[in-house]
1. Given Ala84, Ala75, Ala101, which one is modelled with pLDDT of 95 or more, of a type in the set (A, V, I, L, M) and within 16 Å of ligand 1 (Cβ to nearest atom)?
2. Quick check: is even one residue across the stretch 180-201 assigned to a loop (DSSP other than H, G, I, E, B), more than 16 Å from ligand 2 (Cβ to nearest atom) and touching a residue at least 40 places away in the same chain (Cβ under 8 Å)?
3. Could we say that Phe143 is out of contact with any Cys (no Cβ under 9 Å at 6 or more places or on another chain), open to solvent by 20 Å² or more (accessible area, probe 1.4 Å) and within 16 Å of ligand 2 (Cβ to nearest atom) here?
4. What is the number of the single condition among (1) open to solvent by 30 Å² or more (accessible area, probe 1.4 Å); (2) of a type in the set (D, E, K, R); (3) in a helix (DSSP H, G or I) that Arg324 does not meet?
5. Working only within the stretch 89-109, note down all residues that are away from ligand 2 (no atom under 14 Å from the Cβ) and buried (at least 19 other Cβ atoms within 10 Å of the Cβ).
6. When the stretch 192-244 is examined, which residues are found to be within 11 Å of ligand 1 (Cβ to nearest atom) and either surrounded by fewer than 21 Cβ atoms within 10 Å (Cβ to Cβ) or modelled with pLDDT under 95 (or both)?
7. Got a number for residues in the stretch 29-87 being within 15 Å of Gln268 (Cβ to Cβ), of a type in the set (S, T, N, Q) and either in contact with a strand residue (DSSP E or B) (Cβ under 7 Å, 6 or more places away or on another chain) or without any contact (Cβ under 8 Å) to a residue 40 or more places away in the chain (or both)?
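The values are calculated or read from the model by the stated rules, or taken from the named source; none is laboratory data. Worth saying up front: this structure is predicted, and the values here are computed from it rather than measured. Counting neighbours? That spans all protein chains shown, and the Cβs are built from the backbone with ideal geometry, glycine included. Surface areas here come from the heavy atoms of the whole protein model, side chains and all, with no ligands, DNA or RNA. Shrake-Rupley method; radii C 1.70, N 1.55, O 1.52, S 1.80 Å.
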Amino acid sequence: MITSKLPNVGITIFTQMSQLAAQTGAINLSQGFPDFDGPQALRDAVGRHIASGHNQYSPMTGLPVLREQIAAKIARSYGVQVNADSEVTVTPGATQAIFCAIQAVIHSGDEVIVFDPCYDSYAPATELAGGRCVHVQLNPNDFSIDFDKLAAALSPRTKMIVINTPHNPSGALITRAELDQLAALIRDRDIYLISDEVYEHLVFDGVPHVSVLAHEELYQRAFVVSSFGKTYHVTGWKTGYVVAPPALTAELRKVHQYVSFCGVTPLQYALADYMAEHPEHVEELPGFYQAKRDLFCDLLAPSRFTFKRVTGTYFQLVDYSQIRPDLNDVEMATWMTREHGVASIPVSVFYQNPPEGQRLVRLCFAKREETLREAAAKLCVI
Ligand code: PMP
Ligand code: GLN
């Protein structure tokens, strides 16, 4: 008999819904990934590096050329200088980065505060470290932090807080004022921060992404995580990075070197080349995805779903209370996939205790125009 270390964990909703979409032939707007490829020059560069013999382990910390490009991008985007050697670590994906950061600092009995709805990897990573997740709900109307609830959740055992901006699944952004409030709240406490910023370049309507990298006080205790998967449309490359002050980076690397040792070498070379040759890519991303958001939302306007356009990420939440209030969101997502040919993600799975009566599903708009048109046509007749 196996005594599971994660007795309450099953197969993730992303796998379940993608499988259901594949089985039923539905358009898959569930799991977040583009249905188009990353830039041709980036893909060509991988082949070039494989052909030219860049096929052995990279340095454990990541290729120096890539870490330099990451530091240069951070300087351009946020106006801060991080040390590419002592503060930047390349990882096989943001998920691994988050896992390693949690293992690096969480001891048995420590508490980690997460905000619901929250990304599904934070809690299992905490439990495997022997810690306990304390779930604090974001404000239901705009998914901002409820600071009264956060203050009430702090305890002498709180060792870490995980924030996520732009936020999956809601698309909400944390403001500078909120970061200041967070800094004030934990100023005299020994609490680390993970700032999951994998959607850092997917922000719309001219609203800037406020990175913890640019918050001098919070950065001193933070692991800031990003993912090339989102930024370069290559989620299957599973390549990301963590930026943290030297002492935290040293602890993170102790774990990372035994979880994977390093990321995939030719992918790192290709990303370094592409970042050097196309620094404009990240500046063009907001416009690129805003056009997709607007197309999708315009197409959905005549439907019976109600929604507020998201400010960040490539997900749009839609409320279906006017359509099937009798169904909970898991039932709704399943019914929509089977009967109407569009797969989505039910939002309740991102909660420890889903709010009573919430009727939301998440739709991914990182899709080609024809996919969005086809999906919207189906959604408009539900
Ligand atoms: N954090 C959030 C909020 C995400 O949505 C994702 C998406 N997969 C990740 C982390 C993980 O990124 P990666 O695929 O690079 O592991
Ligand atoms: N981040 C992606 C999402 O939210 C899924 C990643 C995964 O499948 N684990 O849809």
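1. Numbers: Ala84 fails: within 16 Å of ligand 1 (Cβ to nearest atom); Ala75 fails: within 16 Å of ligand 1 (Cβ to nearest atom).
Just a single option satisfies the conditions, and that option is Ala101.
2. Step one: of the stretch 180-201, the residues assigned to a loop (DSSP other than H, G, I, E, B) are 187-191, 197-201.
Add one more test, that the residue is more than 16 Å from ligand 2 (Cβ to nearest atom), and what stays is 187-191.
In the following step, the residues that additionally are touching a residue at least 40 places away in the same chain (Cβ under 8 Å) were identified as none.
No, there is no match, as no residue in the stretch 180-201 is assigned to a loop (DSSP other than H, G, I, E, B), more than 16 Å from ligand 2 (Cβ to nearest atom) and touching a residue at least 40 places away in the same chain (Cβ under 8 Å).
3. Numbers: out of contact with any Cys (no Cβ under 9 Å at 6 or more places or on another chain): yes; open to solvent by 20 Å² or more (accessible area, probe 1.4 Å): yes; within 16 Å of ligand 2 (Cβ to nearest atom): yes.
Judged against the criteria, Phe143 is a match.
4. Tallying (1) open to solvent by 30 Å² or more (accessible area, probe 1.4 Å); (2) of a type in the set (D, E, K, R); (3) in a helix (DSSP H, G or I), Arg324 fails exactly one: (3).
5. Step one: filter the stretch 89-109 for residues away from ligand 2 (no atom under 14 Å from the Cβ), giving 89-91, 100-109.
Within the stretch 89-109, Thr89, Val90, Thr91, Cys100, Ala101, Ile102, Gln103, Ala104, Val105, Ile106 qualify.
6. Thr235, Gly236, Lys238
7. Residues that pass the stated criteria total 2.
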